[in-house]
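For reference, the structure is listed below as structure tokens.
The values are calculated or read from the model by the stated rules, or taken from the named source; none is laboratory data. Since the model is a prediction, treat every value here as computed from it, not as a measurement. With ideal geometry, Cβ positions are generated from the backbone for all residues, glycine too; neighbour counts draw on all protein chains shown.
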Amino acid sequence: MKFVFHINYLIPPRAGAYSNAKDYYCIRCILNVMGEQIKKKLLVELLKNSKRSDRELARVLNSSQPTITRARQKLEREGMIKGYTIVADWRKLGFEIMAFTFIKMRPEIRSKEISKKVKQYSEKFPFAIYVAFGEGFGMTGVVVALHRNYREYMHDLSLFRMEWKDYVEDIKSFVTALGEAEVKELSFTYLAKALLM
């Protein structure tokens, strides 16, 4: 069976050209692999700059705009793309520090109910950009938050200590000055290079 390559598709020379189910299955496998490759390449390009249109992305990826649109929609449906956002200059938005606060919850109170309560509490603080349970350094959770200044940071930390005193054994923080102490700026564009490896 002969095939003609056309951009990112493998097309049989004429309708009904499959000699058996095995040929059809092989073609479907090849198309699936090609579809996965275009999705990965698209994801990499979106990590570099998600502002580009599907037409621009199609040109960069040497594909057609409808193919890119379908691939993007599939990535969204599969949950690989959860949303689109920007990486701002936090200092220009009025933030001076980023704090990494590590929390040790009392082990006897860990439950789904407490996890739900933590989630609800974290939603009160829009500047907390990441909150998760985990482990390391003897801690069981982390909060990454932006603050306008050190005073605001200390206020939020004191509030947390008061409201969660019955649940928390220990709190430790690492605070960095935005812009001044950065060695590598917060950005997801770096991941694009890693995904290509």
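List of remarks:
- Total residues in segment 160-188 satisfying the condition of being assigned to a helix (DSSP H, G or I) and surrounded by 13 or more Cβ atoms within 10 Å (Cβ to Cβ): the figure is 1.
- Residue, surrounded by the most Cβ atoms within 10 Å (Cβ to Cβ), within segment 147-159, restricted to residues that are touching a Phe, Trp or Tyr at 6+ places or on another chain (Cβ under 8 Å) and either β-branched (Val, Ile, Thr) or at pLDDT 95 or above (or both): His147
- Inspection of segment 130-139 identifies at least one residue that is assigned to a strand (DSSP E or B) and more than 18 Å from Arg106 (Cα to Cα).
- The residue pairs whose first member lies in segment 151-179 and is closer than 15 Å to Val131 by Cβ, whose second member is of a type in the set (D, E, K, R) and at pLDDT below 90, and whose beta carbons are closer than 8 Å, counting only pairs six or more residues apart or on different chains, are Tyr167/Arg106; Val168/Arg106.
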